[in-house]
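What follows is a short report on a single structure.
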Amino acid sequence: MGRLIVVSNRVATPTETKGSAGGLAVGVFGALKDAGGVWFGWSGDVVSETVANAGPALEQDGAVTFATVGLTRKDYDQYYRGFSNATLWPVFHYRNDLARYEREEYAGYRRVNAWLAHKLIKLLEPDDVIWIHDYHLIPFAEALRSEGVTNRIGFFLHIPFPAPQILLNIPPHEELVKSLSCYDLLGFQTATDQQAFHDYVTRHARGTVSNGNQVEAFGRKLRTGVYRIGVFPDEIADQAKRYESRQHVLDLKQSLEGRKLIMSVDRLDYSKGLVERFRSFELLLERSPEWRGNVTLVQIAPPTRSDVATYQKIRQDLEYEAGRINGRYSGLDYTPIRYLNQQYDRWKLMSLFRESQIGFVTPLHDGMNLVAKEYVAAQNPDDPGVLVLSIFAGAAAELSGALLVNPHDAIGMSEALQQALQMPLAERQRRHEINMAALRKNDLGVWRDSFLRDLRSVPLRNTGEGGGHK
Ligand code: GDG
């Protein structure tokens, strides 16, 4: 079996892959450890041109090499802050109104992809399998191919793939899809995303799709697949239980004074539907006065991408809404919304989930949404909380035990909160069992192993011979 090369915008540090930083880093690292290989990407640092060109910096951990490069200010502005996060992210989340398109940023995006690919080539071996992650790196395989790389290359898109009419809003949409056709395998979170890609291929690229997943477009052949990212549910359950008697949980319990608790955790992002969520919580208090003073919403929202203007705006909007709602319904000893712009330790978060009666997860669009899965996994099976989940999260296709809501229907969401708050124990347990069974059946290991199994078995492209590179 050839080595595995993982390329992602950010590379986890060796310490993060072992600790509690995040399930994904741990999952990907597991595959790297098994096969041996390289994890390559941006270090997260903005550096001088000299330092950027000197990279990659290498750090060895057993059979795994962590290889990172810094980006210059210009590259960061055009590739990361610009085209990736001010064009691709909003459009792929159906927020064309928040997107901008600048030709120079797109050129920078392609230039950085080509530069990164060139840096990686020196680390490649002939039978390596290469797994590229996410929207920052769409042109990566095309750049590798143009330098003669014929290894198997797969791509997994963590965010939604938009319907063709939405994708057309990005002027170089055809070039982007052409770049995607340079992969051997494209992985999507849901069948809807896969279908949207197929629709683009057949309607706008004069391509074909046969047997449900074999695509021919731009003179190339590739496969597509649906790989629903998961979590390791039993590990989360164990850790949430282990942490439940820690001081932070006791402090929270004491401060709630017997009130019910609704928990939400999201990166501070306009795709997560936070404003709509706050308003639906307000409606619960407005329409059901018995809950005033008796239920608290804890929203943890660590800021991200705070140098992108649209992220500054969502932060202001939320501060305004939280202040307004709290001004309306607070008492001397009661604050309805506790809004925290802070990062918390992962296991602490899981233990807070376990303490709450509702997990309120209402994105306007979301590739999967791991918080929904983590919430379910963290529950006490004897007295589980209820997941209230947006139909626009990829996770909604799997978690049929959740109460599904439309985030544009504020009254509907407030009614779901009411239903969850009053739900009898037997129904909560039944719904929890259904959700846990879904998580166990399709955990993070299944996601990773099935993608890699399919990638390793795609027929070799172009040459028809073994992999390799010039
Ligand atoms: C993208 C796609 C897809 C959040 N706050 C803290 C914290 N988190 C952790 C959560 C969860 C992760 O971050 C967020 O994952 P999500 O899936 O919910 O959302 P995105 O960040 O938008 O991820 C998404 C995902 O990629 C994977 O494919 O599901 O659709 O958008 O694990 O727990 N972790 C810690 N402190 C925090 O304050 N430690």
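The values are calculated or read from the model by the stated rules, or taken from the named source; none is laboratory data. All values reported here derive from a predicted model rather than from experimental measurement. Virtual Cβ from ideal backbone geometry, glycine too; neighbours counted across all protein chains shown.
Some values worked out for this structure:
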| item | result |
| --- | --- |
| Any chance Y339 is within 14 Å of the ligand (Cβ to nearest atom) and in contact with a His (Cβ under 9 Å, 6 or more places away or on another chain) | no |
| Selection count, region 371-400, where residues are among the aliphatic types (A, V, I, L, M) and surrounded by fewer than 23 Cβ atoms within 10 Å (Cβ to Cβ) | 3 |
| Some residue of region 272-291 being aliphatic (A, V, I, L, M) and within 16 Å of the ligand (Cβ to nearest atom) | yes |
| Residue match in region 314-321 (condition: within 14 Å of the ligand (Cβ to nearest atom) and part of a helix (DSSP H, G or I)) | yes |
| Filter pass, G293 being in a loop (DSSP other than H, G, I, E, B) and touching a strand residue (DSSP E or B) at 6+ places or on another chain (Cβ under 8 Å) | yes |
| Yes/no for S271 being closer than 19 Å to V371 by Cα, of a type in the set (S, T, Y), surrounded by 20 or more Cβ atoms within 10 Å (Cβ to Cβ) and in contact (Cβ under 8 Å) with a residue 12 or more places away in the chain | yes |
| Check on Q342, exposed (fewer than 14 other Cβ atoms within 10 Å of the Cβ) and touching a residue at least 24 places away in the same chain (Cβ under 8 Å) | yes |
| Yes/no for P160 being within 16 Å of the ligand (Cβ to nearest atom), within 23 Å of the chain's Cα centre (by Cα) and at pLDDT 95 or above | yes |
| Residues within region 100-127 that are part of a helix (DSSP H, G or I) and farther than 30 Å from M1 by Cα, tallied | 10 |
| Cross-chain or 6+ apart pairs with Cβ under 9 Å, region 292-309 first and closer than 15 Å to E355 by Cα, then within 16 Å of the ligand (Cβ to nearest atom) and in a loop (DSSP other than H, G, I, E, B) | V298/S356; Q299/D266; I300/D266; I300/N341; I300/Q342; I300/Q343; I300/Y344 |
| Failed criterion for K441 (all others in (1) surrounded by fewer than 15 Cβ atoms within 10 Å (Cβ to Cβ); (2) under 29 Å from Q194 (Cβ atoms); (3) modelled with pLDDT under 95 hold) | (3) |
| Residue selected from region 449-467 under the condition at pLDDT 95 or above and of a type in the set (K, R), by the criterion farthest from I5 (Cα to Cα) | R453 |
| Subset of region 164-214 (residues that are in contact (Cβ under 8 Å) with a residue 60 or more places away in the chain and more than 16 Å from the ligand (Cβ to nearest atom)) | I166, L167, N169, I170, P171, P172, D184, L185 |
| Some residue of region 141-159 being surrounded by fewer than 22 Cβ atoms within 10 Å (Cβ to Cβ), within 30 Å of G2 (Cα to Cα) and of a type in the set (S, T, N, Q) | yes |
| Positions within region 342-375 being among the small types (G, A, S) and more than 8 Å from the ligand (Cβ to nearest atom), in sequence order | S351, S356, G359 |
| Condition met for A107 (at pLDDT 95 or above, more than 19 Å from V38 (Cα to Cα) and surrounded by fewer than 22 Cβ atoms within 10 Å (Cβ to Cβ)) | yes |
| Meets criteria (small (G, A, S), within 24 Å of Y320 (Cα to Cα) and modelled with pLDDT of 95 or more) for S400 | no |
| Any hit, region 12-23, residues being at pLDDT 80 or above, in the same structural domain as F155 (by TED's automatic domain parsing) and within 20 Å of I153 (Cβ to Cβ) | no |
| Which numbered condition G331 misses (of (1) more than 16 Å from the ligand (Cβ to nearest atom); (2) closer than 30 Å to D134 by Cβ; (3) surrounded by fewer than 21 Cβ atoms within 10 Å (Cβ to Cβ); (4) free of Cβ contacts under 8 Å to residues at least 60 places away in the same chain) | (2) |
| Any hit, region 398-420, residues being within 14 Å of the ligand (Cβ to nearest atom) and touching a helix residue (DSSP H, G or I) at 6+ places or on another chain (Cβ under 9 Å) | yes |
